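Visitor: The structure's right below; bear with me while I get my questions together.
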Amino acid sequence: MENVRQWRLIYDQPTLGALNMAVDEAILAAVSSGDVPPTLRLYAWNPACLSLGYGQRARDADLDRLAERGWQIVRRPTGGRAILHTDELTYSLALPMDDPLAQANLVDSYRQISAALLIALNSLGAQAQANRAEGNMTQVTNPICFETPSHYEITVEGRKLVGSAQVRRKQGILQHGTLPLTGDIARICDGLVYPDEAARSAAKADVHDRALTLEAALGIALDWQTVADAVAAGFAQAFDLTLIPDELTPPERDQVERLTAEVYANPDWTFRR
């Protein structure tokens, strides 16, 4: 009888942005060293948090407006542009480098992970698709993730539904992404710097034209757990594996505490550029 691959599945409670990024990084380290199996983590954020890509300019964020709204700010370990994390489901997938999916090149790994997400979304009733992006993505200067193209990201009728980013380390890879569930997809513009309010309003209109929430795609709002269960089932089907519900190990929790204090809640990291 052929052995079925097993991954660890973690459902996490909504928490602070710095803590979420520290958990993803701690899981990546544990998976890379072989201490834990490949891990799919599904989580949310509380309070709302603006995350910057690894190389993004911190000056894109309007710190006064963030503070007025009670929104936090964090810098991700992955690339890409700004995302406002609120009313959403976030996924992260950590794999050791000897996993077949990790051994695929960047674009092909995006394609395969998008296939799992498509299974999930289409099972919920979304008419979603994922195509290879056209043109040169290296010259994109827009600060908003949901206005920038990337390979095999999920769209519905041409509007972006899932934004994802990946980081590759020597021993493993981490990909995480956000699926907005409900609310105003253009709220992110209220936490970014614009030369004037006319420019902010124009940016909001662009976001509405180019992105949407799952509620807008379906015409109904689904609760977080329903969507999370569908995403887990999509990954299990796409990669022919069994997901084992579990939680962080004690060494991972120790790493999370250290990474939160030293990196993700540290202004030297957040405002490094």
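The values are calculated or read from the model by the stated rules, or taken from the named source; none is laboratory data. In this text the structure is predicted, and so the values were computed from the model without any measurement. Neighbour counts run over all protein chains shown; Cβ positions are idealised from the backbone, glycine included. All accessible areas refer to the heavy atoms of the entire protein, side chains included, with ligands and DNA or RNA removed. Shrake-Rupley method; radii C 1.70, N 1.55, O 1.52, S 1.80 Å.
Visitor: Of the residues in region 48-57, how many are within 20 Å of residue 177 (Cβ to Cβ) and surrounded by fewer than 21 Cβ atoms within 10 Å (Cβ to Cβ)? Can you show your working first?
Guide: At the first step, the residues of region 48-57 found to be within 20 Å of residue 177 (Cβ to Cβ) are 48-56.
Next, from what is left, pick out any that are surrounded by fewer than 21 Cβ atoms within 10 Å (Cβ to Cβ): 48, 53-56.
So the count comes out to 5.
Visitor: Here's a follow-up. Test residue 205 against the stated conditions and say whether it is open to solvent by less than 60 Å² (accessible area, probe 1.4 Å), of a type outside the set (Lys, Arg) and within 23 Å of residue 116 (Cβ to Cβ).
Guide: No: the conditions fail for residue 205.
Visitor: Same structure again: Is it the case, given these coordinates, that residue 80 is touching a strand residue (DSSP E or B) at 6+ places or on another chain (Cβ under 7 Å), more than 30 Å from residue 242 (Cβ to Cβ) and either modelled with pLDDT under 95 or assigned to a loop (DSSP other than H, G, I, E, B) (or both)?
Guide: Values: touching a strand residue (DSSP E or B) at 6+ places or on another chain (Cβ under 7 Å): yes; more than 30 Å from residue 242 (Cβ to Cβ): yes; either modelled with pLDDT under 95 or assigned to a loop (DSSP other than H, G, I, E, B) (or both): yes.
Spelling it out, residue 80 is indeed touching a strand residue (DSSP E or B) at 6+ places or on another chain (Cβ under 7 Å), more than 30 Å from residue 242 (Cβ to Cβ) and either modelled with pLDDT under 95 or assigned to a loop (DSSP other than H, G, I, E, B) (or both).
Visitor: Here is a further query. Specify which of the listed residues (19, 40, 89, 63) is out of contact with any Ser or Thr (no Cβ under 9 Å at 6 or more places or on another chain) and of a type in the set (A, V, I, L, M, F, W, C). Explain how you work it out, then say what you get.
Guide: On the way: 19 fails: out of contact with any Ser or Thr (no Cβ under 9 Å at 6 or more places or on another chain); 40 fails: out of contact with any Ser or Thr (no Cβ under 9 Å at 6 or more places or on another chain); 89 fails: out of contact with any Ser or Thr (no Cβ under 9 Å at 6 or more places or on another chain).
Just a single option satisfies the conditions, and that option is 63.
Visitor: Out of 243, 248, 259, I need the residue that is part of a loop (DSSP other than H, G, I, E, B), in contact with a helix residue (DSSP H, G or I) (Cβ under 8 Å, 6 or more places away or on another chain) and touching a residue at least 40 places away in the same chain (Cβ under 8 Å). Which one? Steps first, please.
Guide: Working: 243 fails: part of a loop (DSSP other than H, G, I, E, B); 259 fails: part of a loop (DSSP other than H, G, I, E, B).
Answer to the check: 248.
Visitor: Go through (1) surrounded by fewer than 22 Cβ atoms within 10 Å (Cβ to Cβ); (2) over 23 Å from residue 237 (Cβ atoms) and name the single condition residue 84 misses.
Guide: (1)
Visitor: OK, next. Looking for something touching a Lys or Arg at 6+ places or on another chain (Cβ under 6 Å) and either more than 27 Å from residue 247 (Cα to Cα) or surrounded by 19 or more Cβ atoms within 10 Å (Cβ to Cβ) (or both) - is there at least one such residue anywhere in region 58-75? Give the derivation first.
Guide: So in region 58-75, the residues touching a Lys or Arg at 6+ places or on another chain (Cβ under 6 Å) come out as none.
Scanning region 58-75 turns up no residue that is touching a Lys or Arg at 6+ places or on another chain (Cβ under 6 Å) and either more than 27 Å from residue 247 (Cα to Cα) or surrounded by 19 or more Cβ atoms within 10 Å (Cβ to Cβ) (or both).
Visitor: Quick one: count up the residues across region 219-243 that are aliphatic (A, V, I, L, M), open to solvent by 30 Å² or more (accessible area, probe 1.4 Å) and over 18 Å from residue 37 (Cα atoms).
Guide: 3
Visitor: Being of a type in the set (A, V, I, L, M, F, W, C), within 18 Å of the chain's Cα centre (by Cα) and in a loop (DSSP other than H, G, I, E, B) is the filter here; which residues of region 169-215 pass it?
Guide: Across region 169-215, the qualifying residues are 181, 212.
Table: residues versus (1) in contact (Cβ under 8 Å) with a residue 40 or more places away in the chain; (2) open to solvent by less than 10 Å² (accessible area, probe 1.4 Å); (3) assigned to a loop (DSSP other than H, G, I, E, B).
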| position | (1), (2), (3) |
| --- | --- |
| 90 | yes, yes, no |
| 93 | yes, yes, no |
| 111 | yes, no, no |
| 129 | no, no, no |
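Visitor: Here's a follow-up. Considering region 1-47 alone, what residues qualify as being open to solvent by 40 Å² or more (accessible area, probe 1.4 Å), assigned to a loop (DSSP other than H, G, I, E, B), in contact (Cβ under 8 Å) with a residue 40 or more places away in the chain and not small (Gly, Ala, Ser)?
Guide: 4, 16, 35, 37
Visitor: Tell me the residue from 249, 260 that is open to solvent by less than 70 Å² (accessible area, probe 1.4 Å), more than 28 Å from residue 152 (Cβ to Cβ) and touching a Leu at 6+ places or on another chain (Cβ under 6 Å), please.
Guide: Values: 249 fails: touching a Leu at 6+ places or on another chain (Cβ under 6 Å).
None of the others qualify; the one that does is 260.
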